[in-house]
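The values are calculated or read from the model by the stated rules, or taken from the named source; none is laboratory data. All figures in this text were calculated on a predicted structure; none of them were measured in a lab. Here Cβ is always computed from backbone atoms with ideal geometry, including for glycine, and neighbour counts include all displayed protein chains.
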Amino acid sequence: MSSFQSFTTFTTTTKTLSTSNRRSKTCPKQTQRFKISCNVAPDDNEKLLIVPETPKLILPKTSLDTVNVDRRNLLLGLGGLYSTVNLTSLPAAFAEPITAPDISTCVASTKGFQAKNAVRTNACCPPALSKSVKPFVFPNDQAIRIRPAAHRATPEYIAKYKAAIQAMRDLPDDHPHSFIQQAKIHCAYCNGGYSQIASGFPEKELQIHNSWLFFPFHRWYLYFYERILGKLINDPTFALPYWNWDNPSGMNLPAFFEDEGKKNPAFDAYRNVNHLAPAIVDINYGGVDTGTPCIQQIGTNLSLMYKQMVRNAGDPLSFFGGTYKAGDDAKANNDPSVGSVEAGCHTAVHRWVGDPRMPNSEDMGNFYSAGYDPVFYVHHANVDRMWKVWKDLGIRGHTEPKDPDWLNASYVFYDENQELVRVYNKDCVRLDKLKYDYQFAPLPWLQNRAVPRFRKSKIAARSIGKVKLVQETKFPLKLDKIAKVLVKRPAVNRSKEDKEKANELLLIKGIRFNSEKFVKFDVFVNDQDDVSASSPEESEFAGSFSQLPHNQGDDMLMTSAARFGLTELLEDVDAEDDESILVTLVPKIGCEDLTIGEIKVELVPIE
Ligand code: C2O
């Protein structure tokens, strides 16, 4: 941690702010709710085109080949397409990396597309130039492209950025580098454009959100987008700006997205007009403006950044998201936890920028349309920077997944020379090899470790008899109202060495919800029994589960999971010798029909 210098420490004293100050000009009240939808199911007819009746699948060699079993049929036989069967019990021989198919198998369909009155198309397949897929070659650029913080970019730089975006907009729509084709890449990889046919599962959708594919897919997407922009203006050093929303001086929407109005190529008409500068971004955004005074909002944002980057991100799967392998259902995956940053600041900023007046919160508030707003790429540059920062913190456990199924997962993109290339997760881990880096910015949130409301409250012990133990609780647990449960810890009074060996995590699994809705619930640990009022600055606020909807045809239910770090939390509130913790789940939005499958505390080894 020592290599990072913090220039500013924001501490907010919420209690000293009078209620008359609770609304400020720069955080205007907004009452409309976001409604976001995502995903297209391949049309049945189109499905038939790619799924032969007796599939002749080329399966990667596994031990199953020797016993002559069709892996796909075996999986389907276990419960069908949207089975809730727990696939973790299957032998490891099933696992293979997710492999994006050649673009020729891409499908687009309107059937099952949930974005009603969509203003953007859902026909998202890339233009086929009849080219074969080539292996990726690392760039041999002389210079490293340095991505600048958007709020510190010079006028010359901004002019260059706008010229590049304009050049992209000027290309014919069917050119693979055109503004529209670049936007559609996101829609194709999110809204059912591709199946897992290349890994032997043509009936399974390929989805790059809600799992450990999230960071690497978006890193590659931006890598090519940046090089295409540079090529269009003949500047091999061109780098994308990043929206530095984790830093107080970067918490407004960067001005160059708005200035000069509609003449500006970086302008997009579909944005929340209440959230233009000087409004401060809300990293805890739940679809409604809270009217929080801006200085307090900055404190909330920094505290949440600390939680998402440190406290809840202590191991690869907590940070990157859960495993997602060939044959896994994108909507009922075997370990589908969402990474701390994806579910947190990433999703919040998307929704905060999207236009609540639009039927699907276009553009940023919905995955199918997000790529049409130039803000998307500048937002994702900072998301990508979070990966680098998280690793550079040098904390034990802050390493990429070592599983070959993560390393060898791959996608197909048009590169800056209009060649189709296949790229692997393992090849995007080192920024020096990809020849780009980020301009330094302070990380003030590193100083924002939470503060406890109460220390040594013994709240779990005092709640026995009033709150049910987890083993007495009926699951699935409905979350249509606040739910409380006492959960036993696997160990108490863990020593320094114990903590170096394993993180103590609160796991909330089998979260089943209506994927048409935008969903958010907050999680508290050892909050007082009659209130659930801890703010994000406080230790007892563990974090949130939050999801952009992922709709697909008729199947509206989706399963996911969340992980929250307990080691620091229990140190903060001085509860390390408590046998149990009190967990409080507070529904915020879209939880009317949400259920929880399992709540437990586990020790997860740090590698
Ligand atoms: Cu692919 Cu920000 O989402």
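Odds and ends about this structure:
- Scanning the stretch 178-207 for residues that are on the phi > 0 side of the Ramachandran plot and more than 21 Å from the chain's Cα centre (by Cα) yields a single hit, GLY200.
- Meets criteria (acidic (Asp, Glu) and farther than 30 Å from ASN244 by Cα) for ASP170: no
- Of the numbered criteria (1) under 13 Å from ASP405 (Cβ atoms); (2) crowded, with 24+ Cβ neighbours inside 10 Å; (3) more than 16 Å from the ligand (Cβ to nearest atom), the one ASN312 fails is (1).
- Residue in the stretch 402-411 that is surrounded by fewer than 19 Cβ atoms within 10 Å (Cβ to Cβ) and without any contact (Cβ under 8 Å) to a residue 60 or more places away in the chain present: no
- Filter pass, MET358 being of a type outside the set (Val, Ile, Thr), within 16 Å of the ligand (Cβ to nearest atom) and surrounded by 19 or more Cβ atoms within 10 Å (Cβ to Cβ): no
- TRP390 meets the conditions (1) crowded, with 24+ Cβ neighbours inside 10 Å; (2) within 18 Å of GLY543 (Cβ to Cβ) in every case but one. The failed one is (1).
- Within the stretch 315-344, the set of residues being within 16 Å of the ligand (Cβ to nearest atom) and either in contact with a Leu (Cβ under 7 Å, 6 or more places away or on another chain) or acidic (Asp, Glu) (or both) comprises TYR324, GLU342, GLY344.
- Every condition in (1) farther than 23 Å from SER130 by Cα; (2) within 16 Å of the ligand (Cβ to nearest atom) is met by GLY193 except one, and the failing one is (1).
- Note on the stretch 373-462: enclosed helices (runs of 4 or more DSSP H) holding 1 or more residues that are more than 16 Å from the ligand (Cβ to nearest atom), within 21 Å of the chain's Cα centre (by Cα) and closer than 30 Å to ALA255 by Cα are 375-392, 431-434.
- Residue in the stretch 227-236 that is farther than 25 Å from VAL119 by Cβ, under 25 Å from the mean Cα position of the chain (by Cα) and modelled with pLDDT of 95 or more present: yes
- Of all residues in the stretch 501-524, exactly one satisfies the criterion of being assigned to a strand (DSSP E or B) and more than 23 Å from the chain's Cα centre (by Cα), namely ALA502.
Yes/no matrix, rows are residues, columns are (1) closer than 29 Å to CYS345 by Cβ; (2) out of contact with any helix residue (DSSP H, G or I) (no Cβ under 8 Å at 6 or more places or on another chain); (3) surrounded by fewer than 18 Cβ atoms within 10 Å (Cβ to Cβ):
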| site | (1), (2), (3) |
| --- | --- |
| ASP141 | no, yes, yes |
| HIS151 | yes, no, no |
| ALA163 | no, yes, yes |
| GLN182 | yes, no, no |
| ILE185 | yes, no, no |
| GLY192 | yes, yes, no |
| GLN207 | yes, no, no |
| HIS218 | yes, no, no |
| TYR225 | yes, no, no |
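- Residue check for TRP390: in contact with a His (Cβ under 6 Å, 6 or more places away or on another chain) and not basic (Lys, Arg): yes
- One residue from ASP173, ASP259 being within 29 Å of CYS106 (Cβ to Cβ) and free of Cβ contacts under 8 Å to residues at least 60 places away in the same chain: ASP173
- A count restricted to the stretch 124-135 and to residues that are in a loop (DSSP other than H, G, I, E, B), surrounded by fewer than 17 Cβ atoms within 10 Å (Cβ to Cβ) and in contact (Cβ under 8 Å) with a residue 40 or more places away in the chain stands at 4.
- Residues that are at pLDDT 90 or above and more than 28 Å from the chain's Cα centre (by Cα) within the stretch 117-132 comprise just one, SER132.
- Residue selection: GLU419 satisfies the criterion of being closer than 28 Å to ALA164 by Cα and either of a type outside the set (Val, Ile, Thr) or in contact (Cβ under 8 Å) with a residue 12 or more places away in the chain (or both).
- Residue in the stretch 264-271 that is of a type in the set (S, T, N, Q) and over 30 Å from SER515 (Cβ atoms) present: yes
- Candidate set: the stretch 196-211, residues that are of a type in the set (A, V, I, L, M, F, W, C) and more than 14 Å from the ligand (Cβ to nearest atom); chosen: the one farthest from ARG227 (Cα to Cα): PHE201
- The listed residues are MET251, MET168, and the only one of them that is more than 16 Å from the ligand (Cβ to nearest atom) and under 20 Å from the mean Cα position of the chain (by Cα) turns out to be MET251.
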